[in-house]
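Beneath this line is the structure, given in structure tokens, with notes to follow.
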Amino acid sequence: MFQTPQYQKVFVFALLFIILNTGTVLGIGGINAVEKSLLLLAAVMMMNARPVYWPLIFVLVAMFCVTLFSAFFTANDSLSWSTYLKSITQIFIIFMLLSAVPNSEEQDFIARWVAWLPTISLVLGIAYHVVGVKSVVNVEYASGVPRLGGSLIPPFLAGLCIAGAYAAIRQAEKVNPKYLYLAAFNFLILLLTSARMPLFIATMICFIAFMFGMRGKTGIKTLVVFFGLCGLFLFLAAFGDAILGRLTQTHMSGREVLWDHLKELLAYYHDFGLGFGHQVFFMPKEVTILTGGTIGAHNEYLRIAVEIGYWPAVVFFGLFALGLLMLTLAPGRVRRSEMLLASLLYLLFCATDNVVSSPTLFLFLITVSMLTADGEQACSEDEVCAAK
């Protein structure tokens, strides 16, 4: 088989290309397709270069068949097969990246870059702000709260922070404890995005990784927790009014308007849906005005039910959950508790954001999967890696 050991560089390049946000900065259309193509290329290269957990691919094929079946029988006369094929790639990207097992050297390369992604996005955002291309701070339409967005938008930067904080903690454990400073900085950026669910997810997964991962370093753990809490208190005391106000809000930032409309669509297309990827084409102008231009469903369970039908969606997400459980229990999974927690948090995240269709939001699941695989065993089985 033709070996492609550089897949990790293509994967990181794809993430950096997403962070550049060239579509917004340069006003170029169709960039999303380029971003997904790069990630799909990295996924194909990874499966070609690394051992693959094939049961997960069988689950992926079953999920694809469910969406295809619904597309054939949809009552939507305007179904676009081009839109369907472009949209279904997001499922392939997630499961293909989850299925392959990187070796320890590839894990280190990926973790180092992912740990720095939030900082890179912040620096780029400041540069864009200075030259007048894009504001580094976004004001939320529903609440009027200013939120840090970096080179992207606040939710996407928050997604990078989840993965970046986790990767930094793993690097602190394996490479150098100084990476804890980077993890703390990623959390600071996350706080400034005022993203509620990402903050909860990052806190949960990073706490488990930190407390149960850095064994034999009780002194470091104690100091980090103490100074971390002191720093958080001082930060919130000085700058926390707007952030705490946003984090403690009970409203859903206009999502209720979207969800009410989607429930009406689901009632009409409950059998086989509109077609995978078609939800955005059925958002009336009056709804987007009320939500400040937002057309994403911000609820993957509801969106996919609208797109493939109610019962097909139940099967789809049942298979999705089964795949994540199989991945957690797969041979060679060295930190099952972290993978299980990340899977549960991801499924929870699906209820509030576009985490199936947005790479920066599902990145934390990919990162945890890659870094909890048995990289040392994979390295020992890899002739090139083992020879070094």
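The values are calculated or read from the model by the stated rules, or taken from the named source; none is laboratory data. All of these numbers come straight from a predicted model, not from anything done at the bench. Virtual Cβ from ideal backbone geometry, glycine too; neighbours counted across all protein chains shown.
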*Counting only residues that are surrounded by fewer than 19 Cβ atoms within 10 Å (Cβ to Cβ), β-branched (Val, Ile, Thr) and in a helix (DSSP H, G or I), how many does the range 1-56 have?*
8
_I need the full set of residues from the range 345-357 which are at pLDDT 95 or above and not aliphatic (A, V, I, L, M), in order please._
TYR346, PHE349, CYS350
*asked:* Condition first: of a type outside the set (D, E, K, R), surrounded by 19 or more Cβ atoms within 10 Å (Cβ to Cβ) and assigned to a helix (DSSP H, G or I). Can you find one or more residues in the range 136-150 that meet it?
replied: no
*Which members of the range 181-196 meet the condition of being polar (S, T, N, Q) and assigned to a helix (DSSP H, G or I)?*
ASN186, THR193
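Any residue that is of a type in the set (Ser, Thr, Tyr) and over 25 Å from ALA202 (Cβ atoms) - is there at least one of those in the range 329-350?
no
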*Within the range 160-184, work out how many residues are touching a residue at least 12 places away in the same chain (Cβ under 8 Å) and more than 20 Å from the chain's Cα centre (by Cα).*
7
_Evaluation of ALA127 against (1) surrounded by fewer than 16 Cβ atoms within 10 Å (Cβ to Cβ); (2) not in a helix (DSSP H, G or I) (one fails), failing number_ = (2)
_Restricting to the range 350-368, and then to whatever is over 17 Å from GLY164 (Cα atoms) and not small (Gly, Ala, Ser), can you tell me which residue is surrounded by the fewest Cβ atoms within 10 Å (Cβ to Cβ)?_
THR352
*Of these, ASP271, ASP241, ASP260, which one is at pLDDT 65 or above and farther than 21 Å from THR67 by Cβ?*
ASP260
_If I ask for residues that are hydroxyl-bearing (Ser, Thr, Tyr) and within 8 Å of the chain's Cα centre (by Cα), which ones from the range 331-366 would you list?_
SER358, THR360
*Before we move on, is PHE320 in contact with a Ser or Thr (Cβ under 8 Å, 6 or more places away or on another chain), on the phi < 0 side of the Ramachandran plot, buried (at least 19 other Cβ atoms within 10 Å of the Cβ) and hydrophobic (A, V, I, L, M, F, W, C)?*
no
*In the set ALA127, ALA43, ALA71, which member is under 26 Å from ARG333 (Cα atoms) and of a type in the set (Gly, Ala, Ser)?*
ALA43
*Quick one: would you say PHE187 is crowded, with 20+ Cβ neighbours inside 10 Å, modelled with pLDDT under 95 and either of a type in the set (Asp, Glu) or within 17 Å of ALA202 (Cβ to Cβ) (or both)?*
yes
_Given the criteria assigned to a loop (DSSP other than H, G, I, E, B) and either surrounded by fewer than 16 Cβ atoms within 10 Å (Cβ to Cβ) or at pLDDT below 95 (or both), does PRO155 qualify?_
no
_So for the range 25-44 (the condition being of a type in the set (Ser, Thr, Tyr) and under 24 Å from THR119 (Cβ atoms)), does at least one residue qualify?_
no
_When you check THR83 against the structure, is it assigned to a helix (DSSP H, G or I) and in contact with a Lys or Arg (Cβ under 6 Å, 6 or more places away or on another chain), yes or no?_
no
*Cβ-Cβ below 6 Å, separation at least six or inter-chain, first residue in the range 146-159 and touching a residue at least 12 places away in the same chain (Cβ under 8 Å), second outside any strand (DSSP E or B) and β-branched (Val, Ile, Thr): which pairs?*
ARG147/THR193; LEU148/THR193; SER151/ILE19; PRO154/THR193; PHE156/THR360; LEU157/THR193; ALA158/THR193; GLY159/THR360
